[in-house]
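Heads up: the structure comes next, in structure tokens.
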Amino acid sequence: MLTQALLVDDSRSVLKFLQRHIEAEGQVEATTFLDPVEALACARERVFDIVLVDYEMPHMDGISFIRAFRALPGCADVPIAMITSRQTDDVKMEALQAGATDFLPKQAQSLEMNVRLRNLVRLGAAVRKQNDRAADLASAVAAATQKLGEREEEIILRLALAVEYRDNDTGEHTLRVARYSRIIAEQLGLPARLCRDIYLAAPLHDVGKVAIPDNILLKPGKLTDEEMAVIRTHAAIGEKILADSGCELIQLGAQIAAGHHERWDGAGYPNGLKADEIPVAARVVAVADVFDALTTRRPYKEPMPLDMARNYLVENQGRQFDPTCVEAFLSRWDEVVEIAAGQQATPYHKTEAALAPTIESATESRPAADRSPEPVPAT
């Protein structure tokens, strides 16, 4: 690949002289400009390996040109030689501070010019080679990092699905909760990385269920107080399973597993946290989890119509739920409906009176997947 040189001088004769010498050995392709403003415009669109620029030019002197060129993306390390007949200490110092690499005398002997130009060409080629290597390395690191991230995400999702399948579900609950959680996190204005991480870690909220005996977890009827107490241990167990991981996503999953049954008013479990004491990720998932539990068909209950589930969230914000999380969730209601529609192929249109048995079964007999005695299921 030929070294690309940018030559800028308001004298046509000087440009021709420079071009002839720099291209003499067939290793350089020169692009010439009489106008420094036009040269800068070109440099914004093309990559150059070396630059030769005159000191005294109309519209913009060489030092101003160097400053402007150095400010362009990817131009910080490009070798630049300034051509001047005024090689005073003041001019040289100012040029060096602006970013000049070397100086060429306006009236140079051919031998000196050839040596200096040859050195610049070699330096420019070396800088490009180094930058190309750095770019290749960065690309390889980015690809490897992406691959590791994808594997990490897949492992997390498969772990969550394994837990969900054990609870006699299709596994889609974890995916819907993740999508609902991302909506809430984004509307809360959380950092983009945190929104992504909450989306990926949300499916781990019920990982502690792996320790719950089948005769309790899969019991079709009403649970006893003792069985309910066992069910409630899944939050703390989930935290223990995920705690002390070196993976940030798993750490976030531990927060969610421990806190998604805490309540805004402090009446939740396992630690009785309230309000901002509950990690924001857990507060987000709590809303997503309960909404999906209410609107999903289970062996022991019919799904609640979306509007009724929406009303439930509104009525319980400030008590069970973080009010800002509820507001964030409802602010993108059209998207919520689309997600819910994926699992409600046949919408249920029931009156509130007709739905009373469904609500009772979800709140007293067998509240969703964890059968907690709360007034709403939380899977």
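Counting other Cβ atoms within 10 Å, which trypsin sites (Lys or Arg not before Pro) in region 1-102 have at most 13 and lie in a DSSP loop?
Numbers: sites: ARG12, LYS16, ARG20, ARG44, ARG46, ARG67, ARG70, ARG86, LYS92; in loops: ARG46, ARG86.
Counting only loop positions with at most 13 other Cβ atoms within 10 Å, the trypsin sites (Lys or Arg not before Pro) in region 1-102 are ARG46, ARG86.
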### Task
Using label points projected 7 Å from each Cα along Cα→Cβ, tell me how many nm separate GLU172 and GLN251, to one decimal.
3.6
### Summary
The helix 36-45 Cα axis meets the longest alpha-carbon principal axis of the chain at an angle in degrees, between 0 and 90 and rounded to 10, of 40
### Task
Using DSSP, restrict attention to beta bridges with both residues in the chain and report what percent are antiparallel, rounded to the nearest 5.
5
### Task
Work out the FRET efficiency for LYS16 and VAL127 from their Cβ-Cβ distance, taking R0 = 30 Å, and round it to the nearest 0.05.
0.70
### Message
Taking 26 Å as the cut-off for C-alpha to C-alpha distance, list the pairs among LYS240/LYS274; LYS106/LYS129; LYS209/LYS274 that go past it.
### Response
LYS106/LYS129
### Query
From a point 7 Å beyond the Cα of ARG151 in the direction of its Cβ, which residues of region 240-274 have a backbone N at a distance under 19 Å?
245-251
### Task
Sticking with the crude label model, points 7 Å out along Cα→Cβ, report the distance from TYR165 to THR224 in nm, one decimal please.
3.2
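For THR31 and ASN311 in one chain, what is 0.36 nm times their gap in residues minus the Cα-Cα distance, to one decimal in nm? Intermediate results must be reported in sequence, preceding the final value.
On the way: separation 280, 0.36 × 280 = 100.80 nm, distance 6.90 nm.
Result: 93.9 nm gained on full extension.
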### Query
Highest GNM mean-square fluctuation, the chain, Cα pairs closer than 10 Å: which of LEU249, LEU96, LEU217?
LEU96
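When the helices in the chain are scored as -39500 (n - 2.57) per DSSP H run of 4 or longer and the sum is shared across all residues, what 222 nm value do you end up with, to the nearest 500 deg cm²/dmol?
-18000 deg cm²/dmol
Please compute the length gained on full extension between ASP89 and ALA211, using 0.36 nm multiplied by the number of residues separating them and subtracting their Cα-Cα distance.
Full-extension gain reported as 36.1 nm.
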### Query
With axes computed from alpha carbons, what is the tilt in degrees of helix 306-316 against the longest principal axis of the chain, rounded to the nearest 10 within 0 to 90?
90
### Query
By how many degrees, 0 to 90 and rounded to 10, does the Cα axis of helix 248-259 deviate from the longest principal axis of the chain?
30
### Task
Just subtract the alpha-carbon distance of TRP333 and LEU137 from 0.36 nm times their residue separation and send over the number in nm, one decimal.
66.1 nm
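Just so you know, all these numbers are worked out from the coordinates, no wet-lab data involved. Predicted model only: the values in this text are computed from it and were never measured. Neighbour counts run over all protein chains shown; Cβ positions are idealised from the backbone, glycine included.
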